[in-house]
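A short write-up of the structure that comes next.
A short reminder: the numbers here are calculations on the coordinates, not readings from a lab. Everything numeric in this text was worked out from a predicted model, so none of it was measured. Virtual Cβ from ideal backbone geometry, glycine too; neighbours counted across all protein chains shown.
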Amino acid sequence: MEKVHLEKLIIDDFEDYYNLKCEKQNIFWTNNLEKPNKEKLFQWFTEQMGNKNRVILGLKYIENRRVIGYVYLDFVGAKSELIELSYALSEEYINRGLGTRIVGLAINYCRDTYISVKKIQCWVLEDNVRSRKCLINNGFIKKEDEKVILFYPENRMKKMNLFKLDI
C-alpha cells in the first residue's frame, strides 16, 4: 500500500496544487475549460488559508511530501454540523485505490478534528463513475436529491447526485 497521508496545505504546497489543477482530468471534472491563471489561483489559494469555512487538505507521499491529490472541506450551516466534501487525485495515480483512500482519510480527518460535525455530503456528477465508487466504498449513501448544472466542457446540462455519510 502506498504511504500517503492528508495534511493541511500551506503556501509551500502551491506549485504541486497548481500542477494538479492544470491536469486535463482535473480541468474537466471541476467544470472548467482551460488551465487556471496561475496568479489568480495563487491569490485565491492564499485567501483560502484564512477562510474559516473551508479547509484544504493535500494527499501527500510521506517520503517526498509531493502533493498528489487535494480535498476541500466546506462547513455548511451556522453550527458547522455538516461538511461538504470535494476531492481530486492526480491523473497519474488513478486506478491505484488512492481515490477510495483519499475519501477514507478525509472522513477520518473530519471525525478526529471536528467534534461538532455529524454528516459529510458530496455532490457528484451522475456520470463520474470512479468518484461514485470511492464514496460508496467509504459508506456514503446516494440520496434522492439532485441538481442540474451547466457542464462547460461538454456545453450541456448534467445531473449531480447527493451522497451523504453520518459520522
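Being in contact with a Ser or Thr (Cβ under 7 Å, 6 or more places away or on another chain), buried (at least 17 other Cβ atoms within 10 Å of the Cβ) and touching a residue at least 24 places away in the same chain (Cβ under 8 Å) is the requirement here; does VAL103 meet it?
On the way: in contact with a Ser or Thr (Cβ under 7 Å, 6 or more places away or on another chain): no; buried (at least 17 other Cβ atoms within 10 Å of the Cβ): yes; touching a residue at least 24 places away in the same chain (Cβ under 8 Å): yes.
Criteria not met by VAL103.
Only one of these is of a type in the set (S, T, N, Q) and either under 19 Å from ASN138 (Cβ atoms) or surrounded by 12 or more Cβ atoms within 10 Å (Cβ to Cβ) (or both): GLN48, GLN43. Name it.
The match here is GLN48.
Would you confirm whether any residue within segment 141-153 is surrounded by 11 or more Cβ atoms within 10 Å (Cβ to Cβ) and assigned to a helix (DSSP H, G or I)? Quick ask: steps written out before the conclusion?
The initial filter retains those residues of segment 141-153 that are surrounded by 11 or more Cβ atoms within 10 Å (Cβ to Cβ), namely 141-143, 145-146, 149, 151-153.
Next, only the ones that are assigned to a helix (DSSP H, G or I) stay: 152-153.
Yes, segment 141-153 contains at least one residue that is surrounded by 11 or more Cβ atoms within 10 Å (Cβ to Cβ) and assigned to a helix (DSSP H, G or I).
Taking the stated definitions as given, is ILE120 of a type in the set (Val, Ile, Thr), surrounded by 14 or more Cβ atoms within 10 Å (Cβ to Cβ) and touching a residue at least 12 places away in the same chain (Cβ under 8 Å)? Lay out the reasoning, then the answer.
Numbers: of a type in the set (Val, Ile, Thr): yes; surrounded by 14 or more Cβ atoms within 10 Å (Cβ to Cβ): yes; touching a residue at least 12 places away in the same chain (Cβ under 8 Å): yes.
In short, yes.
Listed residues VAL55, VAL103; which is within 23 Å of ASN32 (Cα to Cα) and more than 10 Å from the chain's Cα centre (by Cα)?
VAL55
For residues that are without any contact (Cβ under 8 Å) to a residue 12 or more places away in the chain and within 17 Å of the chain's Cα centre (by Cα), scanning just segment 38-51, find the one that is farthest from CYS110 (Cα to Cα). Let's see the steps before the verdict.
Residues of segment 38-51 without any contact (Cβ under 8 Å) to a residue 12 or more places away in the chain: 39-40, 43-44, 47-48, 50-51.
Still in the list and also within 17 Å of the chain's Cα centre (by Cα): 44, 48, 51.
Working: TRP44: 23, GLN48: 18, ASN51: 17 Å.
Among residues in segment 38-51 that are without any contact (Cβ under 8 Å) to a residue 12 or more places away in the chain and within 17 Å of the chain's Cα centre (by Cα), the one farthest from CYS110 (Cα to Cα) is TRP44.
Output the number of residues of segment 9-40 satisfying the condition of being closer than 21 Å to LYS158 by Cβ, surrounded by fewer than 16 Cβ atoms within 10 Å (Cβ to Cβ) and of a type in the set (A, V, I, L, M).
Of the residues in segment 9-40, 1 are closer than 21 Å to LYS158 by Cβ, surrounded by fewer than 16 Cβ atoms within 10 Å (Cβ to Cβ) and of a type in the set (A, V, I, L, M).
Where residues in segment 1-18 are part of a helix (DSSP H, G or I) and in contact (Cβ under 8 Å) with a residue 24 or more places away in the chain, which of them is farthest from the chain's Cα centre (by Cα)?
Filtering segment 1-18 for residues part of a helix (DSSP H, G or I) gives 11-18.
Next, only the ones that are in contact (Cβ under 8 Å) with a residue 24 or more places away in the chain stay: 11, 13-14, 16-18.
On the way: ILE11: 18, ASP13: 16, PHE14: 16, ASP16: 15, TYR17: 12, TYR18: 14 Å.
The extreme case among them is ILE11.
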